[in-house]
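Colleague: First, the structure itself, so that you have it in front of you.
We did not get these values from a lab; they are worked out from the coordinates using the rules stated. Every value quoted in this text rests on a predicted model; they were computed, and no experiment measured them. Cβ coordinates were reconstructed from backbone atoms using ideal geometry, including for glycine residues, and neighbour counts include every protein chain displayed.
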Amino acid sequence: MVRNVQLDVAIRVVKGLLANTERFMSAVELQSVMQQIAKLTTEERLRLRQFIDALPQVAPQDELDSRLHEAGLISRPHRPAPLHHNRFEPIRVTGKPVSHTIIEERR
């Protein structure tokens with residue numbers, strides 16, 4: 001019964017933090033929550049993990065961009081271009097190095 005109360009407290013803390021997005025958790029509060037979580041059984045930690053995983057994931061930069069946009073401080077949120085991972089495969093050539101050919105042609 002005591003363990004279920006600890007799990008409920010941990011879940012309420014997480015919900016409270018989400019409800020109050022203007023407030024940042026202090027190091028002392030975070031340490032307290034971590035100590036409470038450390039006391040949970042494996043099954044309770046699994047339930048807590050399932051609860052946390054079900055929460056909407058917002059990247060901190062996306063949240064900041066949204067708030068700045070809503071405040072009128074930026075025209076639109078910055079979205080970095082996606083990285084293209086092309087597989088570079090060098091071409092093998094016979095003869096002298098291409099760099100030598102380029103230097104010779106420039107002379």
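For (1) closer than 30 Å to V33 by Cα; (2) more than 15 Å from the chain's Cα centre (by Cα); (3) of a type in the set (G, A, S); (4) part of a helix (DSSP H, G or I), each residue gets a yes or a no:
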{"position": "R49", "(1), (2), (3), (4)": "yes, yes, no, yes"}
{"position": "I52", "(1), (2), (3), (4)": "yes, no, no, yes"}
{"position": "Q57", "(1), (2), (3), (4)": "yes, no, no, no"}
{"position": "L73", "(1), (2), (3), (4)": "no, yes, no, no"}
{"position": "P82", "(1), (2), (3), (4)": "no, yes, no, no"}
{"position": "P90", "(1), (2), (3), (4)": "no, yes, no, no"}
{"position": "T94", "(1), (2), (3), (4)": "no, yes, no, no"}
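Colleague: I'm trying to understand the selection: among the residues of region 40-72, which are surrounded by 14 or more Cβ atoms within 10 Å (Cβ to Cβ), within 27 Å of D8 (Cβ to Cβ) and in contact (Cβ under 8 Å) with a residue 12 or more places away in the chain?
Modeller: Those that are surrounded by 14 or more Cβ atoms within 10 Å (Cβ to Cβ), within 27 Å of D8 (Cβ to Cβ) and in contact (Cβ under 8 Å) with a residue 12 or more places away in the chain: L40, E44, R47, L48, F51.
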